[in-house]
Amino acid sequence: MAVGAAAPLFALPDIDGGRWDPADAIGDGEWTVLIWVFADWCPVCHRGFDELIELRDELHEADVNVATIECHGGYRGRVMVRRELEPEYWFAEESFIESYAERIWWPHLLDRAGAVGAKYGVDPMSYAVHAEYINRPATIILDPNGTVRFAYYGTFWGDRPSIEETLEMIRSKEFEFEHPERRHVASERFPGPAEYEFAVRES
């Protein structure tokens with residue numbers, strides 16, 4: 001997704017059977033942040049949820065709408081927000097139901113086939129396999145006119161701006177971020193066929 005392009009606006013179902021349409025916020029002077037998450041087993045995703053709860057008032061004061069998006073079906077999406085099960089996780093000291101699930105104030109959306117994510121440049125297969133090296137987060141910021149101001153595709157599950165950093169970008173209107181441990185993906189690390197052939201001839 002090119003920064004400065006008009007955002008593709010598609011309504012998505014939420015985990016309660018409703019629908020959320022980003023177009024509803026366009027023109028009302030509000031910003032929109034779309035955050036793709038992996039699944040209920042991801043501690044980084046849960047930390048993002050913690051931050052959203054902690055910064056609720058600040059986000060509202062800055063006129064920021066937030067939606068988290070999962071490229072899974074309804075059951076797994078509802079597990080993420082504790083509507084179906086209460087799994088025990090090695091990284092959790094207490095029940096997620098008691099600690100935050102009842103305080104989730106933003107819509108948790110389902111992009112079942114990854115079609116909407118693909119429109120935003122998100123590879124849906126990056127969320128299909130449960131492995132750190134394949135699951136890559138994405139954060140998209142839309143301005144009040146529906147223009148993409150920031151599109152960040154991570155290189156591992158912790159590679160994304162925090163909610164606080166995202167909010168600061170919106171406040172400052174300076175949309176720059178790169179994780180200090182960002183990895184080089186294969187397309188950046190290895191030469192293409194033409195470059196490889198040239199390198200072999202030169203050697």
(message) Could you tell me how far the Cα centroid of segment 133-185 sits from the Cα centroid of segment 7-58, in Å?
(response) 14 Å
(request) Normalising by the residue count of segment 133-186, find the relative contact order in percent from Cα pairs under 8 Å and 6+ residues apart. (result) 32 percent
(message) For a quick check: with amide H placed at 1.01 Å from N, whose amide H comes under 5 Å from PHE150's, ignoring anything fewer than 5 positions away on the same chain?
(response) ILE141
(request) Tell me which residues come under 5 Å, amide H to amide H, from VAL66 once H is placed; ignore anything under 5 positions away on its chain. (result) VAL33
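Where a number appears in this text, it was derived from the coordinates with a stated rule and is not lab data. Keep in mind that this is a model prediction, so the values were computed, not measured.
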